[in-house]
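> Take this structure, written in structure tokens, and hold onto it; I'll ask about it next.
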């Protein structure tokens, strides 16, 4: 049997780590990643632009004004006007609201639903697991856009319906992830101990397993927000978005694509830049959060 | 091995059965449907009743489902009144073109992504890795239709090399090679950005493994370690990803076909949705889903061939 001799530096480092809480460690790891901080700032700016912008920059986004259609950028309209004669900059602000709302709502709903599903499948195991996961497999093998097209050809989409539809495809991989993690967590000693002194199953799942899943699940949820924004844009491109006067970045981008050969560049690029920036920022943020979670796991 | 294949085959059949039920129930739950689509918005109640009886819609739903499955198993997927053709013949015409589009994009994407991810993993955190990672993240952050538009602007407007929309609606494989370039490129770039990320992290993980150190200790050259040892172990995860990515690629094909007017099954479906061409919608969803399930099955079997540990789980 050999004893590992620790150098004083390592011991000092360990003491320092122990002194700091896991939370401050997480915050520090995050702040060290400058790119992630920049992305968080970018998202805050985009949110301000969409939600506070319309309060400062008043435009008519409800009725069409065909006298002003497709005007190039000018002092009166910094980003020109769209095919309905509405101010493009104002459209982007209003469109940002529904885009961000869909992204966020899908991220939250898909995470909650996937968490519950995966938790039950992983914790109960056996036949429950088999049935629940076969359902997930079945849904995962459906090319979802075909279903979206199908659905939207029969009913007029509302923002909530779109949120539900995107959630219906987004929770699947979360459920898989949570199930896998639960399978390993349920064999831990503290779970066995809780079972030993008679905790109920809901309590074990809620109080003992879920808190240890949160990190992974939050990272996953962040990436779901990025995917949801992209899916929402694709749905709008297929003409299945929320009908006007409601708008979103995907819809604005689609109008730009349809007028591509007319040379109305101001209808195309600003919306594209906003979507790419938002999705990039959310993805980078998700990756940074993953680093934070992994660092926390090292010290668990 | 054969028991593994049999078990996976059983699972695939169960999944296909669940999907077919979902598709059928969903179409029945939706308002409007077949009768409205064929008779217009204000049919007489007599005509509605006639048609419903003729199409078997008055029978109990489970019986309708059973009949539909029975017919589908015999290759009879119904008749499109809008296009005046059987769904089977429509699929026979449109599916091969989508297979061509999706198959060639996937092959090219994997052929680029594997060496690229391997290279990035080896050159981790160097300048070239950062440049490639950033580029791939930007591609990944674009809605696929916008990526297509960027390619149109670059290759069809600025440098007029290829047509921006497919012009040719011939039968069978009747697609000009030039018409294929932009759709394939669009799907392909999306695929590369997806696969290369996983290939890169698999390479990084594998480079830290003990067997790599052993190989170096035995005196293998870095080139041999990378190409002989790391490559084979890193490719595995990409193989399963191909199977799992099929629904996304097919969804991508729907968008790309709509954007470039490429006459594949996505465009057929898209037009059928606008006409509420019920039998075509049902047939396409079924065929596309079964294709995905078969693709997943093949990927799993390929995975088991590559990695014997999987079979004994």
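The values are calculated or read from the model by the stated rules, or taken from the named source; none is laboratory data. All values reported here derive from a predicted model rather than from experimental measurement. Virtual Cβ from ideal backbone geometry, glycine too; neighbours counted across all protein chains shown.
> Please work out if residue B:24 is within 14 Å of chain A (Cβ to nearest Cβ), surrounded by 14 or more Cβ atoms within 10 Å (Cβ to Cβ) and either at pLDDT 80 or above or under 30 Å from residue B:199 (Cβ atoms) (or both).
no
> Next up: Within the stretch A:117-145, count every residue that is within 14 Å of chain B (Cβ to nearest Cβ) and assigned to a helix (DSSP H, G or I).
Qualifying residue count, the stretch A:117-145: 15.
> Another one. Here are A:114, A:96: which of them is buried (at least 24 other Cβ atoms within 10 Å of the Cβ), under 19 Å from the mean Cα position of the chain (by Cα), assigned to a helix (DSSP H, G or I) and at pLDDT 90 or above?
None of the others qualify; the one that does is A:114.
> Within the stretch A:189-241, which residues are away from chain B (no Cβ under 14 Å), surrounded by 13 or more Cβ atoms within 10 Å (Cβ to Cβ) and either in contact with a strand residue (DSSP E or B) (Cβ under 9 Å, 6 or more places away or on another chain) or not in a helix (DSSP H, G or I) (or both)?
Selection gives A:199 alone.
> Name the single residue, out of those in the stretch B:274-284 being facing another protein chain (nearest Cβ under 7 Å) and surrounded by fewer than 24 Cβ atoms within 10 Å (Cβ to Cβ), that is farthest from residue B:68 (Cα to Cα).
Going through the qualifying residues, I end up with B:274.
> Testing residue B:200 on (1) in contact with a helix residue (DSSP H, G or I) (Cβ under 8 Å, 6 or more places away or on another chain); (2) in a helix (DSSP H, G or I); (3) surrounded by fewer than 24 Cβ atoms within 10 Å (Cβ to Cβ); (4) more than 9 Å from chain A (Cβ to nearest Cβ), one condition comes back false. Which one is that?
Tallying (1) in contact with a helix residue (DSSP H, G or I) (Cβ under 8 Å, 6 or more places away or on another chain); (2) in a helix (DSSP H, G or I); (3) surrounded by fewer than 24 Cβ atoms within 10 Å (Cβ to Cβ); (4) more than 9 Å from chain A (Cβ to nearest Cβ), residue B:200 fails exactly one: (3).
> Which ones in the stretch B:116-139 are surrounded by fewer than 14 Cβ atoms within 10 Å (Cβ to Cβ) and farther than 25 Å from residue A:226 by Cα?
Within the stretch B:116-139, B:126, B:127, B:128 qualify.
> Among the numbered criteria (1) at pLDDT 80 or above; (2) surrounded by 15 or more Cβ atoms within 10 Å (Cβ to Cβ); (3) within 14 Å of chain A (Cβ to nearest Cβ), which one does residue B:96 miss?
(3)
> Could you tell me whether any residue of the stretch B:76-87 is assigned to a helix (DSSP H, G or I) and touching a strand residue (DSSP E or B) at 6+ places or on another chain (Cβ under 8 Å)?
Yes: one or more hits.
> Let me spell it out: the conditions are (1) under 29 Å from residue B:74 (Cβ atoms); (2) within 11 Å of another protein chain (Cβ to nearest Cβ), and residue B:248 meets all of them except one. Which number is the exception?
(1)
> How many residues are touching a helix residue (DSSP H, G or I) at 6+ places or on another chain (Cβ under 8 Å), away from chain A (no Cβ under 14 Å) and closer than 13 Å to residue B:189 by Cα if we restrict to the stretch B:107-141?
Total meeting the criteria: 7.
> Also, quick follow-up: Could you tell me whether any residue of the stretch B:256-263 is more than 14 Å from every other protein chain (Cβ to nearest Cβ), more than 15 Å from the chain's Cα centre (by Cα) and not in a helix (DSSP H, G or I)?
Scanning the stretch B:256-263 turns up at least one residue that is more than 14 Å from every other protein chain (Cβ to nearest Cβ), more than 15 Å from the chain's Cα centre (by Cα) and not in a helix (DSSP H, G or I).
> Scanning for something modelled with pLDDT under 85 and assigned to a loop (DSSP other than H, G, I, E, B), does the stretch A:279-287 turn up at least one residue?
no
> Tell me which of these residue B:269 doesn't satisfy, since it passes every other one: (1) within 30 Å of residue A:257 (Cα to Cα); (2) away from every other protein chain (no Cβ under 14 Å).
It is condition (2) that residue B:269 fails.
> Does residue A:148 satisfy the criteria of being within 14 Å of chain B (Cβ to nearest Cβ), more than 30 Å from residue A:56 (Cβ to Cβ) and buried (at least 24 other Cβ atoms within 10 Å of the Cβ)?
Here the answer is yes, as residue A:148 does meet what is asked.
> Let me ask you something else. Among the candidates B:162, B:184, B:212, B:150, single out the residue that is under 26 Å from residue A:237 (Cα atoms), surrounded by fewer than 19 Cβ atoms within 10 Å (Cβ to Cβ), in contact with a helix residue (DSSP H, G or I) (Cβ under 9 Å, 6 or more places away or on another chain) and at pLDDT 85 or above.
Just a single option satisfies the conditions, and that option is B:150.
> Six or more apart or on different chains, Cβ under 6 Å: which pairs go from a residue in the stretch A:245-266 that's touching a residue at least 60 places away in the same chain (Cβ under 8 Å) and more than 9 Å from chain B (Cβ to nearest Cβ) to one that's surrounded by fewer than 16 Cβ atoms within 10 Å (Cβ to Cβ) and outside any helix (DSSP H, G or I)? Could you list them?
A:245/A:62; A:266/A:73
> Residues in the stretch B:204-218: is at least one under 30 Å from residue B:142 (Cβ atoms), within 12 Å of another protein chain (Cβ to nearest Cβ) and in contact (Cβ under 8 Å) with a residue 40 or more places away in the chain?
no
> Quick check: anything in the stretch B:215-231 in contact with a helix residue (DSSP H, G or I) (Cβ under 8 Å, 6 or more places away or on another chain), within 30 Å of residue B:12 (Cβ to Cβ) and buried (at least 23 other Cβ atoms within 10 Å of the Cβ)?
No - not one qualifying residue is present in the stretch B:215-231.
> Inside the stretch A:133-161, can you point out the residues that are over 26 Å from residue B:271 (Cβ atoms) and touching a residue at least 40 places away in the same chain (Cβ under 8 Å)?
Matches in the stretch A:133-161: A:133, A:136, A:159.
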